[in-house]
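Undergrad: Please find one structure pasted underneath; my questions will follow.
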Number of protein chains: 2
Amino acid sequence: MRSTQLSMDTLDRAQERFIDTLNQMDMTQANTMPKPIIKSVTWLIWHTARMLDLQISELNGSAPLWTSEGWNDKFSLDLPDDTQDYKHTPEEAAKVVVSDKQLLVNYLDAAVKLTKTYLGQVEDDELEEIIDESWTPAVTRQARIVSSIDDAAMHSGQAVYTRRLVIGK
Amino acid sequence: MRSTQLSMDTLDRAQERFIDTLNQMDMTQANTMPKPIIKSVTWLIWHTARMLDLQISELNGSAPLWTSEGWNDKFSLDLPDDTQDYKHTPEEAAKVVVSDKQLLVNYLDAAVKLTKTYLGQVEDDELEEIIDESWTPAVTRQARIVSSIDDAAMHSGQAVYTRRLVIGK
C-alpha cells in the first residue's frame with residue numbers, strides 16, 4: 001500500500017463534509033461571515049481549494065491551477081492572485097463572495113484531484129526531502145503534505161460550525 | 001515507510017492545535033458553549049479523546065482507557081460511561097465541564113498515544129479487513145482509522161472557532 005493512501009482517503013472525507021455543508025445552504029448564506037473573525041463557508045472552501053492548489057503545485061513543480069486554468073478569472077474576486085488567504089483580515093475575507101455554487105464545487109474538486117494525483121505518484125524516498133529551509137525544523141515534503149491534509153480537514157470542521165451559526169442547524 | 005505514518009503525523013497536528021487553543025483560555029472559558037449548537041472547547045477535546053479511545057480500543061481488542069484506566073472517575077461527569085457523545089443534545093454537552101485543565105490534556109494525550117501505538121503496529125494486510133457490517137459499504141479497519149483521524153482534525157478546527165466565539169480572538 002502507498003504511504004499516502006490514508007491521506008487521500010482523509011482528504012476525500014474533508015471534501016465530502018464541505019459539499020454536504022454547502023448543499024444545505026444557498027449562496028447568500030454560504031457567503032455570510034457570521035462574525036468578523038469567523039469565515040464564511042465560501043471562504044473556507046475557496047481557501048482550502050487554493051491552499052491545496054498552491055501547496056501541491058509547488059511540490060509538483062507545476063503552475064497553480066488558480067492562474068494556469070483561469071480560475072482567477074472565473075472567480076473574479078477583488079483580490080490579487082498572490083493574496084495570502086491565511087492572513088486575511090475580515091475585510092479581505094469578506095471579498096471572497098461567489099454567486100455560482102458549482103464554480104466553488106468545481107475548483108475544490110480540481111484541487112482535490114490535483115492533490116490525489118500527486119499523492120498517487122510521489123515516492124517514499126521523496127517524502128523526506130527538505131523543500132523549505134525557512135522554518136525550524138526545515139520542512140520536508142512529508143510535512144508539507146501532512147499540513148495540507150490537516151488544514152483541509154480542520155477547515156471542513158469549521159465550515160460545519162459556520163453553517164450552524166448562519167442557518168442555526 | 002508504514003502506510004499509517006502520515007496519519008500519525010496528522011494526529012499530532014490536531015493534538016497540537018487543541019493544546020494551543022486550550023492554553024489561550026481559562027477553564028471557565030474552555031467550558032463555555034457559545035451557542036447551544038456550538039460545543040465548548042472542553043467538550044471537543046474530551047470527545048476527540050474518547051472517540052479515539054473507544055474506536056482504537058475496539059480495533060485493538062482492548063478495553064477502553066475511559067473505564068479501564070479510571071478516567072471516568074477522574075472526570076466524574078454526570079453522564080453514563082456509554083453516553084453517545086456524537087449524538088449529544090445541548091443539555092448533555094453542557095454536562096461536560098472540567099475544572100482541571102491538566103486532566104483534559106492528559107486524557108487527550110493518553111488517547112493519542114494509544115492511537116499512535118496501534119498505528120505503529122497494524123499491518124497493511126489487516127487494513128482491508130471488514131470490521132463492521134452494519135454500514136453500507138461495510139467498514140474496513142482502514143476506513144475506521146481514516147474516520148478517526150479525520151474526526152480529530154476536523155474537531156480541532158472547530159475548537160479554534162469556539163475559542164474565537166468565546167474569547168473574541
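The values are calculated or read from the model by the stated rules, or taken from the named source; none is laboratory data. These numbers come from a predicted model, not from an experiment. Here Cβ is always computed from backbone atoms with ideal geometry, including for glycine, and neighbour counts include all displayed protein chains. Areas reflect the complete protein model, heavy atoms only, side chains present, ligands, DNA and RNA absent. Shrake-Rupley method; radii C 1.70, N 1.55, O 1.52, S 1.80 Å.
Undergrad: Would you mind stating whether A:Glu133 is open to solvent by 20 Å² or more (accessible area, probe 1.4 Å) and within 14 Å of chain B (Cβ to nearest Cβ)?
TA: Considered against the rule, which asks whether it is open to solvent by 20 Å² or more (accessible area, probe 1.4 Å) and within 14 Å of chain B (Cβ to nearest Cβ), A:Glu133 comes out as no.
Undergrad: Is it true that B:Glu123 is touching a strand residue (DSSP E or B) at 6+ places or on another chain (Cβ under 6 Å), under 20 Å from A:Met8 (Cα atoms) and open to solvent by 20 Å² or more (accessible area, probe 1.4 Å)?
TA: On the way: touching a strand residue (DSSP E or B) at 6+ places or on another chain (Cβ under 6 Å): no; under 20 Å from A:Met8 (Cα atoms): yes; open to solvent by 20 Å² or more (accessible area, probe 1.4 Å): yes.
So B:Glu123 does not fit the description; no.
Undergrad: Also, quick follow-up: Among all residue pairs at least 6 apart or on different chains, which show Cβ distances below 6 Å where the first residue, located in the range B:152-169, is more than 7 Å from chain A (Cβ to nearest Cβ) and of a type in the set (A, V, I, L, M) and the second is open to solvent by 20 Å² or more (accessible area, probe 1.4 Å) and part of a helix (DSSP H, G or I)?
TA: Matching pairs, first to second residue: B:Val166/B:Gln29; B:Ile167/B:Gln29.
Undergrad: Among the helices (runs of 4 or more DSSP H) lying completely within the range B:33-149, list those that include at least 2 residues that are over 24 Å from B:Val166 (Cβ atoms).
TA: Working: elements: B:41-60, B:65-68, B:71-75, B:90-93, B:101-119, B:124-127.
The helices (runs of 4 or more DSSP H) meeting that bar are B:41-60, B:65-68, B:71-75, B:101-119, B:124-127.
Undergrad: Still on this structure, please answer the following. Of the residues that sit in the range B:9-29 and are open to solvent by less than 20 Å² (accessible area, probe 1.4 Å) and in a helix (DSSP H, G or I), which one is farthest from the other protein chains (Cβ to nearest Cβ)? Don't jump to the end; show me each part of the working.
TA: Step one: list which residues in the range B:9-29 are open to solvent by less than 20 Å² (accessible area, probe 1.4 Å), which gives B:10-11, B:14, B:18, B:21-22, B:25.
With in a helix (DSSP H, G or I) added as a condition, the list becomes B:10-11, B:14, B:18, B:21-22.
Numbers: B:Thr10: 5, B:Leu11: 9, B:Ala14: 7, B:Phe18: 11, B:Thr21: 11, B:Leu22: 15 Å.
Filtering first and then ranking leaves B:Leu22.
Undergrad: Restricting attention to the range A:152-169, report how many residues are open to solvent by 30 Å² or more (accessible area, probe 1.4 Å) and either over 25 Å from B:Tyr161 (Cβ atoms) or part of a helix (DSSP H, G or I) (or both). Before the answer, list the steps.
TA: Of all residues in the range A:152-169, those open to solvent by 30 Å² or more (accessible area, probe 1.4 Å) come to A:164-169.
Right, trim to either over 25 Å from B:Tyr161 (Cβ atoms) or part of a helix (DSSP H, G or I) (or both) and you get A:164-167.
Of the residues in that region, 4 qualify.
Undergrad: Could you check, for the range A:52-67, whether at least one of its residues is open to solvent by 50 Å² or more (accessible area, probe 1.4 Å), among the charged types (D, E, K, R) and away from every other protein chain (no Cβ under 14 Å)?
TA: Checked the range A:52-67: at least one residue is open to solvent by 50 Å² or more (accessible area, probe 1.4 Å), among the charged types (D, E, K, R) and away from every other protein chain (no Cβ under 14 Å).
Undergrad: Within the range B:89-104, restricting attention to residues that are open to solvent by less than 30 Å² (accessible area, probe 1.4 Å) and in contact (Cβ under 8 Å) with a residue 40 or more places away in the chain, which residue is farthest from B:Glu16 (Cα to Cα)?
TA: In the first step, residues of the range B:89-104 are kept if they are open to solvent by less than 30 Å² (accessible area, probe 1.4 Å); the result is B:93, B:96, B:98, B:103-104.
Applying the additional criterion that residues be in contact (Cβ under 8 Å) with a residue 40 or more places away in the chain yields B:93, B:96, B:98, B:104.
Working: B:Ala93: 23, B:Val96: 21, B:Val98: 19, B:Leu104: 14 Å.
That would be B:Ala93.
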